[in-house]
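Worksheet: one structure, shown below.
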Amino acid sequence: MQRNFISITDLSKDDILSLLHDAARFEANPNQRLLEGKVVATLFFEPSTRTRLSFETAANRLGARVIGFSDPNSSSTSKGETLKDTIKMVSNYADVIVMRHYLEGAARYASEVTDVPIINAGDGANQHPSQTLLDLYSIWKTQGTLDDLDITMVGDLKYGRTVHSLLQALSFFNPRFHFIAPDLLRMPNGYRDFCNRHNLYFDESEVFDVNAIAHTDILYMTRIQKERFSDLREYEQVKNVYTLRNAMLAATKPNLRVLHPLPRVNEIAYDVDENPKAYYFQQAQNGLYAREAIICRMLNIDLK
Ligand code: CP
């Protein structure tokens, strides 16, 4: 595995499986002083709750110290400092840099201007590979396998970086994809081409109802990402397009689990939260273990 984690396609199938096994070991024992003396930087040029706090918790639970910012306006970016200079400066202080940026390709660019490992915590609408690791871990835990599953992705499949990364990672495991999105937010050509090149089954629909989810194993809901729209009139057209309600889950498979990278707005009604098939809060908890595994892998730290 490379020293940077920029795209989920940086990982082989063996890398993925090995990281999932590491995550399981961290779940069994999250507090280990494996990173004593290390400094982890978290540079968040876009808002975050789960990703930043779970990376920082992972670092703290492993004995590292954490530096960084959650608001770029509190950094010299607000004075006009470039991303290149910011990364070069932080590289003087930290052993690994976790960064989220609104520009697609920003993490890749950062990795080209420093020798310090870069972990992409989300770059625009492009990739969110650490989210994918925790999504895979959640699927693996709840289904007992990653192989041969029906995966239904619903909502903003155009701008949703989590579905883009997850689709590519699952390509190793013979999935059957069902994409449900309004035409405006359809899975982009590049990812449909990816499915075709890898002989992955997929179908597409704009209809989200009981029939659409009757045979699925994983129902992956996503938020319509207002912040990515250049024309807010288009956002207004689709903002309330789909809502999962508890009654819709009654006739679904017993093993179905509802995932969502969160935050949600209104695409999952609150009455779903108490349903045992709702898994999104545990999914976020799994982020801690997956991110402990990722940081250690980037720093070549062997688990005891
Ligand atoms: N899933 C996710 O990326 O959440 P945050 O935006 O809160 O980090």
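Bear in mind that the values in this text are calculations on the coordinates, not laboratory data. The structure displayed is predicted, hence computed values, not measured ones. Don't worry about glycine lacking a Cβ; one is built from the backbone with ideal geometry, like all the others, and counts go over all protein chains shown.
Details
- Against the chain, whose longest principal axis is taken from its Cα atoms, helix 50-61 shows a tilt of about 50°.
- Neighbour counts of C-beta atoms inside 10 Å place Arg197, Arg100, Arg61 in the sequence Arg197, Arg61, Arg100, starting with the fewest.
- Over the chain - Rg/Rh using Cα atoms and the Kirkwood inverse-distance radius: 0.96
- On Cα atoms only, tilt of 13-28 relative to the major axis of the chain in degrees: 80 degrees
- Distance from the Cα centroid of the range 200-260 to that of the range 1-69 is 29 Å (rounded to whole angstrom).
- Beta bridge orientation in the chain: antiparallel %, DSSP, nearest 5: 5 percent
- Proxy reagent accessibility, fewest Cβ within 10 Å first, across Leu34, Leu136: Leu34, Leu136
- The amide H of Ile268, built 1.01 Å from its N in the peptide plane, has Leu244 as neighbours under 5 Å, considering only residues 5 or more places off or on other chains.
- Among Lys158, Lys79, the order by Cβ neighbours within 10 angstrom, fewest to most, reads Lys79, Lys158.
- Three-way shape call for the range 31-127 based on the alpha-carbon gyration tensor, with the a/c threshold at 1.5: prolate
- Each peptide among 281-292, 62-73, 122-133, 203-214 gets the average number of other Cβ atoms lying within 10 Å of its residues, and from highest to lowest they stand as 122-133, 281-292, 62-73, 203-214.
- Over the residues of the chain, the helix contribution to mean residue ellipticity at 222 nm works out to -10500 deg cm²/dmol, using -39500 (n - 2.57) for each DSSP H run of at least 4.
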